[in-house]
Amino acid sequence: MQSFDFNYQQFAEVFARLGKKFRLFGPKRVPGRGRFSDTDLITYADLQNPEDLETAEKSYLSPKSIVFPPDETTFYFTADQFTEPELSDNRETIVFLRPCDINGIERLDRIFLENGKVKDPYYQRRREKLHFFMIECRESFENCFCVAMNANRTDNFATAIRFAPEKVSVMIQNESFLEAFAEVGKKSDFVPEFVKKDSKAVNLPDVEDMPADIFSDSLWDEYDSRCIACGRCNTSCVTCSCFSTVDIFYPDSRNCGERRRVWDGCHLDGFTDMAGGHSFRKDKGDRMRFKTFHKIYDFRKRFSEDMCVGCGRCDDVCPEYISFSSCINKLSDRLSGGKKDEE
Amino acid sequence: MKNNPYRPVAARILKITRETAIEFTLRVEAQADITPGQFFQVSLPRTGEAPISVSSFTRDWIEFTIRAVGKLTNVLHQLKEGDTIFIRGPYGTGFPLEKYKDRNLIIVAGGSGLAPVRPLIQKALDGSIGVKSLRLIAGFKNSEGILFSHQFEDWADKCDFTLTIDKPEPGWTGNTGMVTEHIRKLSDIDFADTEVVVVGPGVMMKFSTAEFVLLGVAEEKIWVSFERLMSCGIGKCGHCKIDYTYVCLDGPVLNYTHASTLID
């Protein structure tokens, strides 16, 4: 393990050098495309230049699209022939991301690589190409609660990077990246730090099994009217892994078409619709309960860790200002026999 | 891509049996190691894919009994013998046959719930499970919805078979009433030595299992099978998850002690 310091010009040199061999993917500022007028959108995208890399703010969407695209063709059909598409970009990929998101991708691994003891090959072939370049978080952003979710720390990275005002410090764990950095940088003793305190205090429920009556508790009722089932919490979440399979045919030839999988989410209408008209969780409150339990309760029963990593993006993006972390706190209060009808 | 679990195989339709106005059985040429209760992901390229339970099988063919009520099933309904469908599977956890050996088996099926239990009925009747006895109660809304009627004579010969429709209708001479009414009449059975299978619509399973519990059947001797939307069948897509349970992996057949704790 070695560390180096760079000025921004030197870092740009390393960035350019890496860009010749690797696909570079990270948070990028898109001016004027934010939710409100005159605000910018921070989103994950391919990076061409070092200036593209947004190092100060939290991204609106998570990096999960690099392993689990919103829309992916699984088969091309020609008559009765099934053909799997090649990856459009076969390069090894460096992804710049924060500790919570590294933990988040590990949660996706649980589903796509472990659950049911079958590996999802579409996920796997993208996942195998990833090298994590961790962007250090020293202070929690708005709505973040990674410390409560035990997802503030990780040692699963090729390099860890601190972007300070005057210099960039890099610790290298994966030796194969050493050369690219060592030639330009000055040796240092940089060691990344991790967030120690959440910006929002979150108390997780301390129960082995949820009591049956909490499923129908009135605490979920407010979400019946507040949630509009837009699914932004699902799409922004780094750990939401649900998808639907959709077949299409091309308008010019019914013989040719595709099978695709597209992101789906438990807050969206139709998520449980079965042929014949039967469905589950028609009320939005039930969907909120289902998501909440998956993120902080039942995933743990299956995989011994919580699914939610506390990135707080669901709170950032909700058009109805529903706070997931507040919901967790309300649930914990209710389970411990505390506050009833607040808010 | 090696070992792509999403890649289906082509299966030629050998025979189509019209069961009711909207239900039909496709027999396809395919070989698989199947446990009764398991399902396949059945698809047609450019139309879609859906989970369909196996309603019968031999070494050489598999049958799927399908109700034409959805995007895929309506198109499957139009197919002819000799046409090809695509299947992958079998998936899920089927009935625990070893638990039924040397036991009295009671199977209660409601409506199209008879399809996933039919392979179990056949294996119980041909001696390959080794059950002590089989009692079968099949209930339908009306006579028009009755499935597999061509096998009823055989079943009635080989086991204690009760066919019932929910409401009396002109010309019907058989049993009437919900399956729960017929479950209540089962008090002469030694429930300590009996396993119970209940498959059908959610409401039917809820009340039928409650009847058995009232009769004194231990909850761990009751088995049900769930039906949920699925896109993958292999624990990835998330549609069929209830609590920590994936119906596609841990089910569709679940013990009542497990199933009764699940809240969608």
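Computed quantities for the displayed model
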{"read-out": "Cα centroid separation - the range A:1-45 against the range B:88-160, whole Å", "value": "62 Å"}
{"read-out": "DSSP-assigned coil residues among trypsin sites (Lys or Arg not before Pro) in the range A:19-120, each with at most 15 further Cβ atoms within 10 Å", "value": "A:Arg33, A:Arg35, A:Arg91"}
{"read-out": "Cα convex hull of the protein assembly as shown, projected area averaged across orientations, nm²", "value": "31.6 nm²"}
{"read-out": "GNM flexibility winner over chain A from A:Gly26, A:Gly285, A:Gly276 (Cα, springs under 10 Å)", "value": "A:Gly276"}
{"read-out": "Gain upon complete extension [A:Phe215, A:Arg17; 0.36 nm per residue less C-alpha separation]", "value": "65.9 nm"}
{"read-out": "Most mobile of B:Leu249, B:Leu97, B:Leu214 in a GNM of chain B (Cα contacts under 10 Å)", "value": "B:Leu214"}
{"read-out": "Nearest-ten-degree value, helix B:202-215 long axis tilted from longest Cα axis of chain B", "value": "30 degrees"}
{"read-out": "Global form of the range B:9-91, assessed from the alpha-carbon gyration tensor, a/c cut-off 1.5", "value": "rounded"}
{"read-out": "Gyration tensor (Cα) of the range A:51-209, equivalent ellipsoid semi-axes in angstrom", "value": "31, 24, 14"}
{"read-out": "Computed label-point distance, nm, for sites B:Asp126 and A:Ala56 using a 7 Å Cα→Cβ extension", "value": "7.3 nm"}
{"read-out": "Using alpha-carbon coordinates, inclination of helix B:114-125 to the longest axis of chain B, degrees", "value": "70 degrees"}
{"read-out": "Estimated FRET transfer efficiency (B:Val69, A:Glu208; beta-carbon r; R0 56 Å; 0.05)", "value": "0.90"}
{"read-out": "Inverse of mean 1/r across different Cα pairs in the range A:1-130, Kirkwood, Å", "value": "16.9 Å"}
{"read-out": "Chain B: most fluctuating residue of B:Arg59, B:Arg18, B:Arg135 per GNM, C-alpha cutoff 10 Å", "value": "B:Arg59"}
{"read-out": "Disulfide-incompatible cysteines by the Cβ rule (no partner under 4.7 Å) in chain B", "value": "B:Cys159, B:Cys240, B:Cys248"}
{"read-out": "Shape call, chain B: gyration tensor on alpha carbons, a/c limit 1.5", "value": "prolate"}
{"read-out": "Cut-off 10 Å between beta-carbons: net charge of the residues surrounding B:Trp223, Lys and Arg +1, Asp and Glu -1", "value": "0"}
{"read-out": "Three-way shape call for chain A based on the alpha-carbon gyration tensor, with the a/c threshold at 1.5", "value": "oblate"}
{"read-out": "Potential extension, A:Gln124-A:Asp273 segment - 0.36 nm per residue separation minus Cα distance", "value": "50.8 nm"}
{"read-out": "Structure-based [θ]222 nm, the protein assembly as shown - -39500 (n - 2.57) summed over DSSP H runs of at least 4, per residue, nearest 500", "value": "-6000 deg cm²/dmol"}
{"read-out": "Sum of side-chain charges, A:Ile228 neighbourhood, beta-carbon under 9 Å (Lys, Arg +1; Asp, Glu -1)", "value": "+1"}
{"read-out": "Positive minus negative residues near B:Lys80 (Lys, Arg vs Asp, Glu; Cβ under 14 Å)", "value": "+2"}
{"read-out": "10 Å-binned pair-distance histogram of the range B:124-185 (Cα, whole percent)", "value": "20, 48, 26, 5"}
{"read-out": "Viscosity 1.567 mPa s, temperature 4 °C, Stokes-Einstein D of the range B:113-242 from Kirkwood C-alpha radius, µm²/s", "value": "80 µm²/s"}
{"read-out": "Separation of the B:Gln78 and B:Leu14 label points, Cα + 7 Å toward Cβ, nm", "value": "2.7 nm"}
{"read-out": "A:Tyr250-B:Met1 FRET efficiency (beta carbon distance; Förster radius 25 Å; 0.05 resolution)", "value": "0.65"}
{"read-out": "Cβ-Cβ FRET estimate between B:Asp157 and A:Arg300, R0 fixed at 51 Å, reported to 0.05", "value": "0.45"}
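Read the figures in this text as sums done on the coordinates, not as results from a lab. It should be emphasised that the depicted structure is a prediction, and the values quoted were computed from it without experimental measurement. We place every Cβ from the backbone using ideal geometry, glycine too, and count neighbours over all the protein chains shown.
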